[in-house]
Amino acid sequence: MLELFIRYQLDIMLVLSSICGTIALLVIVAKAMPLTRRLTLLFLEITAMLLLFSDRLTYIFNGDITSFGFTMNRVSTFLNFLFTDIIVLAFNLYLIDLYINDGKMEKAPKRIQLCTAIMLVGSLLCVIGAYTGAYYTFDEANIYSRGDFYILSYLCPFGVPLIQLSAIIKYRSLLNKKTVFSNALFIIIPLLCSILQLNVYGTSFTNIGIIITAIFIYLVALSNINNEVELAKKNEIDYLKQQQKSMQRLFYQTASAFMGAIESKDVYTLGHSDRVANYAKAIALSCGKSERECDEIYYAALLHDIGKIGLPESILNKGGDLNEEEAEIYRRKANIGADILSNITEYPYLKDGAHYSNERYDGSGYPDHLKGEDIPEIGRIIAVADFYDNLTSRKNNREAYPQFVARDEILKRSGSRLDPRFATVMVSLIDNDKDYKLRESIEDIDIGIEEYLTVKEYRSKVTRGILIEEIITNVSFDWSLKVDSPTGFSAPSIIVFDSYDGRIHSDEDSIKAFGYLEFGEIWFNGHFNSNKAKNMEVTISQKGEGGLEFYGGHYDMTLARCNDHVKITVTGASEVIECMIALPENSKYAYVGITGEYCEINNISVEKTEEKFTEKDFIRIASAANYINRLEGDLPNIQIDRYRSASTEGVLIHDGLNVEFHTMSLPSANFVWNCPFVIIYSSDNGKIDGKNYLEYAMVQMNGEAKSDSTISNNDVVVKNTREFRGWDKWKEKNKEGMECHISFRISGNTLHMAASNTDFKILNTTAFLGMPENLYFALTGDVCAITDIRIYD
């Protein structure tokens, strides 16, 4: 190996010196480097090139007895010794530049400064040694030989790097690891090579080692400068992004403040634009829009109602009860808003949001009566978000609708008022909104029942409803006579009712909108009124010798429910009232609202226990509503009083399986999804919620479908039949009853399910990420009855 190296040593030296020369040219044109770094690297690389080139010449002209050979041998040998010292000096200057510019030192370390002085002295000794023959001599044959003091020529090139190495180690924290490593190599490798060279005469291990590490130093310096350029570029991009975000914040704050000023004219629209913007952005995000597109939709939605600035306050404050003339004026807001925003030519989408968000998918909107996809997409998205917020926000003539009512309305308007694609996305957002964040933020939502109440005229104030559940609930309160009673009569009472929002409603529109149903009211003297209850029994008994409380006192109530029966017990100081109510259906909820007439009700508290109310705790006062007393087929009939409260047993699916059944939504059903569902699942025992239960899809007979994307990919296609006459008619047909048919086809890891009823043809395709060994289906639903279930191939 050594012989091979010696044979090609001159070629290696020529290649390495050429590389150093090339690097020197690259350093000259490296504008990204600081000037001092370029100069020190240029000095280092040129010195390295000349060192190795002169060393090579010594081998070529050593023993050449021509006059030219005599001269060149002496010159190249002198330069070889001189550049050995100068390259150490050049490296020292490079270190000084590193510590001052990269290490942020005011001055270079003293030991590094000392090295500069030593190497200048060492270079002077080289000159003296050349003239005195102390370092080397030549004989008559022009053959180089080491002088008596040859070892002295190694003192500076050996000693100074050791001092430099101590500084590199001490100040290593000032420079990055790559730089420290390359600097250490520049010292250690040549030193090791020098030790080897002392023992192998006729080689240039030292100089070759110096050149290789000098090349490595350049590569590290180039890497560092590239990193600095990348960092500077990144910082510049981050700065520009920060500036962009700052401009967006400014635009948002300006737009929000402007819209806030407009909306402040009507307390019921405060925050509307901001909420619509957030809902619209959520829809866009769910549709896979880019960040830029989502931001455009957000800001367009934020300003979609800007045209209201040009409308009279009398119309804005009037709410929804506008006559034809007023409605025509109100519709001008679309053109007014578009005109205002058309001046912002950099963002034309802002104008589109204001102009087209009032168009309707069926062409019934304004101002241009566009239809379907002729309406720009941004307008169709904002229209869905705007429709949802209008439903779930308070108005001057009503409270906010519950979210499930909004969901029902969106489904009913899908394909008519609203783009079906974006309506479906909004429904999905609602279904995933477990914490009900998609709503108006008002202080009185989801807080507990009031602690006190002042009631004047009968039922002028009623608490929020207290939900009656299977778990027994304890309620207590104090009451007292209100002194301004014109008759001197004062008493508390309770109302038992059901409504979507758990509140009492009295006007006809609210009763219809919130599904309000009053089962009865109970006075604490034992009197009661039964309204929509199937049956109601109240008994009162005395405690001890005291009489009824007419001027105040304390009451404790226990509320409990089992299926369609509600039990309420009221205990006062001298009486106990027991009330049993049979609800019209098990699907109904039941709330208690505390009210009265000319009384003060204080210290209201509600506490749930862990005790359950069961069938053995009461005697029925009415038979349960039964809607499945019909012909039975291959599976028992089921009555589903609430969402998935009952289901059929599981049936193993095989290719070619068919199912037919009769369905009817219960009288209390009000929503389009109150219909049968088909559950596709697997479990160890074939039962829903059995061991290792996995639910791949739930297909509803109104065309909705849900699935778990982690275990299957679900695709549903719904086509309306000629019988479909809108969702209200669908709900009517559902209550009358209809026949349904389902068929299954299996192809590899894919299940095709075709379902049909009078109004819809549904094709659902479920692609399993892992095909289960046994696949089952079961029928369930929401507020409906399923009977006469027939299964065949």
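Name the one entry in Tyr154, Tyr218 that is open to solvent by less than 50 Å² (accessible area, probe 1.4 Å), aromatic (Phe, Trp, Tyr) and modelled with pLDDT of 80 or more.
So the residue among Tyr154, Tyr218 that is open to solvent by less than 50 Å² (accessible area, probe 1.4 Å), aromatic (Phe, Trp, Tyr) and modelled with pLDDT of 80 or more is Tyr218.
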Is it the case that the stretch 275-283 has a residue that's under 26 Å from Ala383 (Cβ atoms), assigned to a helix (DSSP H, G or I) and touching a Leu at 6+ places or on another chain (Cβ under 6 Å)?
-> yes
Could you please let me know if Thr22 is out of contact with any helix residue (DSSP H, G or I) (no Cβ under 8 Å at 6 or more places or on another chain), without any contact (Cβ under 8 Å) to a residue 24 or more places away in the chain, part of a helix (DSSP H, G or I) and under 20 Å from Tyr136 (Cβ atoms)?
-> no
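Quick check on the stretch 516-546: of everything there that is assigned to a loop (DSSP other than H, G, I, E, B) and touching an Asp or Glu at 6+ places or on another chain (Cβ under 7 Å), which residue is most open to solvent (accessible area, probe 1.4 Å)?
The residue in question is Lys532.
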Only listed residue being touching a Leu at 6+ places or on another chain (Cβ under 6 Å) and open to solvent by less than 50 Å² (accessible area, probe 1.4 Å), chosen from Phe777, Phe760, Phe744, Phe768 = Phe744
Failed item, numbered, when Tyr361 is tested on (1) more than 20 Å from Val427 (Cβ to Cβ); (2) part of a loop (DSSP other than H, G, I, E, B) | (1)
Pick from the stretch 487-511 the residues that are over 24 Å from Val538 (Cα atoms) and under 37 Å from the mean Cα position of the chain (by Cα): which of them is least open to solvent (accessible area, probe 1.4 Å)?
-> Ser510
Cβ pairs under 6 Å, 6+ apart or interchain, first in the stretch 382-402 and in a loop (DSSP other than H, G, I, E, B) and at pLDDT below 90, second open to solvent by 20 Å² or more (accessible area, probe 1.4 Å) and among the β-branched types (Val, Ile, Thr), ordered by first then second residue, are none
Has the stretch 104-125 got at least one residue that is open to solvent by less than 20 Å² (accessible area, probe 1.4 Å) and either in a loop (DSSP other than H, G, I, E, B) or touching a Gly at 6+ places or on another chain (Cβ under 8 Å) (or both)?
-> yes
In the stretch 294-333, the residues that are out of contact with any helix residue (DSSP H, G or I) (no Cβ under 6 Å at 6 or more places or on another chain), of a type in the set (D, E, K, R) and either in contact (Cβ under 8 Å) with a residue 60 or more places away in the chain or assigned to a helix (DSSP H, G or I) (or both) = Asp295, Glu313, Lys318, Asp321, Glu324, Glu325, Glu328
All conditions in (1) out of contact with any His (no Cβ under 9 Å at 6 or more places or on another chain); (2) surrounded by fewer than 19 Cβ atoms within 10 Å (Cβ to Cβ); (3) part of a helix (DSSP H, G or I) are true of Ser416 except (3)
Among (1) assigned to a loop (DSSP other than H, G, I, E, B); (2) within 27 Å of Cys740 (Cα to Cα); (3) of a type in the set (D, E, K, R) - the single one Glu660 does not satisfy = (1)
Go through the stretch 710-723 residue by residue and tally those that are surrounded by 15 or more Cβ atoms within 10 Å (Cβ to Cβ) and either assigned to a loop (DSSP other than H, G, I, E, B) or on the phi > 0 side of the Ramachandran plot (or both).
-> 1
Thr137 versus (1) under 21 Å from Ser194 (Cα atoms); (2) surrounded by 18 or more Cβ atoms within 10 Å (Cβ to Cβ); (3) of a type in the set (Val, Ile, Thr): which is the lone unmet condition?
-> (2)
Being under 22 Å from Glu518 (Cβ atoms) and in contact with a Cys (Cβ under 8 Å, 6 or more places away or on another chain) narrows it down to one of Val455, Val475, Val462, so name that one.
-> Val455
Filter the stretch 166-181 for residues that are under 17 Å from Ile215 (Cα atoms) and touching a residue at least 40 places away in the same chain (Cβ under 8 Å); which is nearest to the chain's Cα centre (by Cα)?
-> Lys178
Looking at (1) aromatic (Phe, Trp, Tyr); (2) modelled with pLDDT of 85 or more; (3) exposed (fewer than 15 other Cβ atoms within 10 Å of the Cβ), can you tell me which one Tyr171 breaks?
-> (3)
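Going by what's in this entry, would Arg459 be described as open to solvent by 50 Å² or more (accessible area, probe 1.4 Å), among the basic types (Lys, Arg) and within 23 Å of Phe671 (Cβ to Cβ)?
On the way: open to solvent by 50 Å² or more (accessible area, probe 1.4 Å): yes; among the basic types (Lys, Arg): yes; within 23 Å of Phe671 (Cβ to Cβ): no.
So Arg459 fails the test.
Looking at the stretch 157-216, which of the residues that are part of a helix (DSSP H, G or I) and hydroxyl-bearing (Ser, Thr, Tyr) is nearest to Leu51 (Cα to Cα)?
Filtering first and then ranking leaves Thr206.
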Within the stretch 573-606, considering residues that are closer than 18 Å to Ile466 by Cβ and small (Gly, Ala, Ser), the one surrounded by the fewest Cβ atoms within 10 Å (Cβ to Cβ) | Ser605
Residues located in the stretch 220-248, provided they are aliphatic (A, V, I, L, M) and more than 15 Å from Lys178 (Cβ to Cβ) = Val229, Ala232, Ile237, Leu240, Met247
Could you please find all residues in the stretch 132-143 being out of contact with any Lys or Arg (no Cβ under 9 Å at 6 or more places or on another chain) and either closer than 22 Å to Ile65 by Cβ or among the β-branched types (Val, Ile, Thr) (or both)?
-> Thr132, Gly133, Asp139, Glu140, Ala141, Ile143
Only unsatisfied item for Gly307, checking (1) at pLDDT 90 or above; (2) out of contact with any strand residue (DSSP E or B) (no Cβ under 7 Å at 6 or more places or on another chain); (3) closer than 21 Å to Asp274 by Cβ, is (1)
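The values are calculated or read from the model by the stated rules, or taken from the named source; none is laboratory data. The model shown is predicted, which means the values in this text are computed figures rather than measured ones. With ideal geometry, Cβ positions are generated from the backbone for all residues, glycine too; neighbour counts draw on all protein chains shown. What goes into the accessible areas is simple: the full protein's heavy atoms, side chains included, and nothing from ligands, DNA or RNA. Shrake-Rupley method; radii C 1.70, N 1.55, O 1.52, S 1.80 Å.
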